1. Filter segment 412-457 for residues that are assigned to a loop (DSSP other than H, G, I, E, B) and within 24 Å of Gly472 (Cα to Cα) and give the result.
2. For segment 180-203: of the residues being more than 30 Å from Leu72 (Cβ to Cβ) and of a type in the set (Gly, Ala, Ser), which is modelled with the highest pLDDT?
3. Which members of segment 458-480 meet the condition of being in a loop (DSSP other than H, G, I, E, B) and either touching a helix residue (DSSP H, G or I) at 6+ places or on another chain (Cβ under 9 Å) or not hydrophobic (A, V, I, L, M, F, W, C) (or both)?
4. Of everything in segment 66-80, what is within 18 Å of Ala139 (Cβ to Cβ) and β-branched (Val, Ile, Thr)? Give them in sequence order.
5. When the residues of segment 270-306 are narrowed to those that are over 30 Å from Leu5 (Cα atoms) and aliphatic (A, V, I, L, M), which ends up least open to solvent (accessible area, probe 1.4 Å)?
6. Find the residue count for segment 195-220, including only residues that are open to solvent by 30 Å² or more (accessible area, probe 1.4 Å) and either among the hydroxyl-bearing types (Ser, Thr, Tyr) or in contact (Cβ under 8 Å) with a residue 60 or more places away in the chain (or both).
7. Based on this model, can you work out whether Thr230 counts as in contact with a strand residue (DSSP E or B) (Cβ under 6 Å, 6 or more places away or on another chain) and among the β-branched types (Val, Ile, Thr)?
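The values are calculated or read from the model by the stated rules, or taken from the named source; none is laboratory data. Worth saying up front: this structure is predicted, and the values here are computed from it rather than measured. When we count neighbours, we look across all protein chains shown, and the Cβ atoms used for this are built from the backbone with ideal geometry, even at glycine. Heads up: the accessible areas ignore ligands, DNA and RNA and are worked out on the full protein's heavy atoms, side chains in. Shrake-Rupley method; radii C 1.70, N 1.55, O 1.52, S 1.80 Å.
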Amino acid sequence: MSKALHAEVQSVTARVIARSQRSRAAYLARCERAQQELGPLRGLSCANLAHGLAALPVHDKLKLRVEHAANLGIVTAYNDMLSAHQPYERYPGVIREAARAVGAVAQVAGGVPAMCDGITQGNAGMELSLFSRDAIAMATAVSLSHNTFDAAVMLGVCDKIVPGLLMGALQFGHLPVVFVPAGPMSTGLSNKEKARVRQLYATGQVGREALLEAECEAYHGAGTCTFYGTANSNQFLMEIMGLHMPGAAFVHPDSGLRDALTAAAAQRALALTARGADYLPLARIVDERAVINAVVGLLATGGSTNHTIHLVAMARAAGIIIDWDDFDRLSRITPLLARVYPNGSADVNHFHAAGGVAYVIRQLLDAGLLHEDVETVAGHGLARYTQEPVMIDGVLQWRDGAATSGDATVLATAAEPFSAEGGLRLLQGNLGRGMIKVSAVAPEHRVVEAPARVFDSQEGLQAAFDAGELAGDVVAVVRFQGPNANGMPELHRLTPVLGALQDAGHKVALVTDGRMSGASGKVPAVIHVGPEALAGGPLSRVRDGDRLRVDAVAGTLKWLGGADGDADFAARASAVLPDDAFASFSVGRGLFGLFRRNARIAEEGGSALDLSEADAHGAVQTGAAVAQ
């Protein structure tokens, strides 16, 4: 099916393998030792074992105690506040029955927190969002720490949850692990109409009741939000990395097919344990080739900018070191195949119906842009993921997925893509290094040269807009938003404001050391800029009126001169974070001080955890030095 691997994919993969040689070897050695020394139930005394069996039904207890059956751990992010995670309430029962059907046992090993960025967006709780990923990774490790499991399944969907689950599971890389999605909610109010009402509200043209009505029509039932943000990017990545059952990502929660896929995931995890002949641990699936496949898939679908942080952190947890140069190089040779909101008007249900994941993987394999020769939970070779699941006479089966697009406005071919390049671009210059999502930005908006307006908070920008102070071309600089400053919250609430300015005919761009949502849209936004302002990065020296240039075509981010003729940018004193900038501890922010003080830069994943041999022995230098 696939043709010879593209030379640039080969080159970037070789670069990653060489850079990761020491850390990857150390990680694999740890996993090998764990399998030899910490296999299920080894070293557990009778009292230890009795604690783990105590609450089981008698028949399950006998299976583990007498028959020494395989035991499947369930790590769940269930709560019924998140629409995407509410379906998980009944999954443990489905998984237990599926395990019993093959002579095994399944237990809920533990739960992990799952917060919703859609709820905390623009509020203080968002300052906990990025570091909730680290908390999830640690909670996953605690869940699996009892050493009583032969394999595990991970139940999680949304923004930080899937990355955190994988980071934690990779600490137990000697175990087989399968990820189990829950699927998207049915289509409600179109994303385009939702965005329109938000912008009308931001400019005072409609009231709160109209806004709330639109939001409730968009987010109306169980399942993942239907735009292609971080949550749905997560699901695509788990599939292209071979960690889902093929075709599982975007099946609706209430479909009978969903339960069949969940049961199949449990049984497949049990089929891959060290007890049998097909032993396949997580560490062997998540290798350099799988990570490169994930980057290419993200780019080809215009996925979430958050994964320029999350994918880096997930890779490091497997001893693999990637950086933004890797993203940039791959973006330049990866065609954009999908138009899903915010890169188009369709939602993920439309994407799935038009051919979905199987179609995209087939196109990329045929173009030589993916490593086909990889391990997956479904077997050897990524070609397995060009198939889609169906129920035939009540039995789950797989058939070849769509070979042609069901809707050419949603899915294109690699030969005639929506764009010859992927959706992400690295920008760098004397203002630092940052990432920009260009797939949703019209070509005429990709170069902005304008005076700066500098803000130390998103509230400051909103207040200036409300006061009518933003009425011309502007590069809005929102600083002190990095991991070390305030936990790197998303700044998505600024999108309607900036969009309104752009629609009024002004040249507008955002430059920040913070994050935007996975739904970053039509306004050019250079995000994750490092070094961050709190560390004395270049953004700390920008002043109102400075001339800045954001050039997503040339890949540059530059300070051009001061409003007063100042030409010595490097000699300027750095601004200092106001003492009262983050005075509120009302949402538990104080508990995360350890994370903020120890977080790595965004390009190294923004994590405060020791994820790999590289972290344990000092930072691996990534990226080019900031140009002066």
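1. Of everything in segment 412-457, those that are assigned to a loop (DSSP other than H, G, I, E, B) and within 24 Å of Gly472 (Cα to Cα) turn out to be Leu431, Val438, Ala440, Val441, Ala442, Arg446, Asp456, Ser457.
2. Ser186
3. Within segment 458-480, Gly468, Glu469, Leu470, Ala471, Gly472, Asp473, Arg479, Phe480 meet the criteria.
4. Ile74, Val75, Thr76
5. Leu270
6. Qualifying residue count for the region: 6.
7. On the way: in contact with a strand residue (DSSP E or B) (Cβ under 6 Å, 6 or more places away or on another chain): no; among the β-branched types (Val, Ile, Thr): yes.
Spelling it out, it is not the case that Thr230 is in contact with a strand residue (DSSP E or B) (Cβ under 6 Å, 6 or more places away or on another chain) and among the β-branched types (Val, Ile, Thr).
Yes/no matrix, rows are residues, columns are (1) out of contact with any Lys or Arg (no Cβ under 8 Å at 6 or more places or on another chain); (2) open to solvent by 10 Å² or more (accessible area, probe 1.4 Å); (3) modelled with pLDDT of 95 or more; (4) closer than 29 Å to Gly423 by Cα:
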| site | (1), (2), (3), (4) |
| --- | --- |
| Gly229 | yes, no, no, yes |
| Ala249 | yes, no, yes, yes |
| His252 | no, yes, no, yes |
| Ala260 | yes, yes, yes, no |
| Ala265 | yes, no, yes, no |
| Arg268 | yes, yes, yes, no |
